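The values are calculated or read from the model by the stated rules, or taken from the named source; none is laboratory data. Everything quoted here is computed from the prediction, not taken from an experiment. FYI the Cβ positions are ideal-geometry reconstructions off the backbone, even for glycines, and counts take in every protein chain you see. Surface accessibility is based on the protein's heavy atoms, side chains included, excluding ligands, DNA and RNA. Shrake-Rupley method; radii C 1.70, N 1.55, O 1.52, S 1.80 Å.
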Amino acid sequence: MKEKFRNFILDKIFILSNQPVLFRDLLEANSLYNEGMLIDGAKLNFRFNYAQTYKIYAMICIFILLPLIIIAHNFFVIVDTHISILITIFLTSAVFLGFDMFKIWARKEMSFECIKKAWQMHFPYFSYEKYSKKVDEIYSKASKNNVCKRDLEQYVLENLIAQSDASK
């Protein structure tokens, strides 16, 4: 159920390009993802559909906040108006902060999905879970050694095959 809800949200709030992710962009995105950094959606060929994002987030807020407001209504009638105003300020700020957190969560989830999809295209014989860190190390070495763009794919694949053969 949770996975269905997650996929529904991601499908609604993002626009995906039909263009494949470039090899170098995949390596950069994988490296940034492994470091816990946010990835530019343009590198992985997706972007937010902001109208849908606002709609989905508003629906989530309504489903969460409306029952809480109905339950807390009697409490708000009894308490001093100053406390009601402070609680309203707190909830309003929580909604706006929540929207930023929602966008960050969605962007990380979509980045992971796009990385895995591109991984299967560029590295069909290497599982993402097992080799993503190894590819990240190889890419870092390639950057330090100033491997040019046209030789990067060959460099990464040769080193990956050498490491996988050595581990067997």
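Annotations for the structure displayed:
- Selected residue [of a type outside the set (A, V, I, L, M, F, W, C) and surrounded by fewer than 15 Cβ atoms within 10 Å (Cβ to Cβ)] from 132, 140: 140
- For the stretch 1-27, a residue qualifies if it is open to solvent by 70 Å² or more (accessible area, probe 1.4 Å) and either assigned to a helix (DSSP H, G or I) or touching a Ser or Thr at 6+ places or on another chain (Cβ under 7 Å) (or both), and the qualifying residues are 2, 3, 4, 5, 8, 11, 12, 24.
- Count of residues meeting criterion [open to solvent by 90 Å² or more (accessible area, probe 1.4 Å) and either farther than 16 Å from residue 96 by Cα or acidic (Asp, Glu) (or both)] in the stretch 44-62: 1
- The stretch 28-62: number of residues that are in contact with a helix residue (DSSP H, G or I) (Cβ under 7 Å, 6 or more places away or on another chain), assigned to a helix (DSSP H, G or I) and under 16 Å from residue 116 (Cα atoms): 5
- Listed by first and then second residue, the pairs linking a residue in the stretch 5-24 that is more than 24 Å from residue 132 (Cα to Cα) and modelled with pLDDT of 90 or more to a residue that is open to solvent by 90 Å² or more (accessible area, probe 1.4 Å) and not aromatic (Phe, Trp, Tyr), with Cβ atoms under 9 Å apart and 6 or more places separating them unless they lie on different chains, are 12/55; 13/55; 14/47; 15/47.
- Filtered residue count, the stretch 87-129, keeping only those that are open to solvent by less than 70 Å² (accessible area, probe 1.4 Å), farther than 19 Å from residue 42 by Cβ and hydroxyl-bearing (Ser, Thr, Tyr): 4
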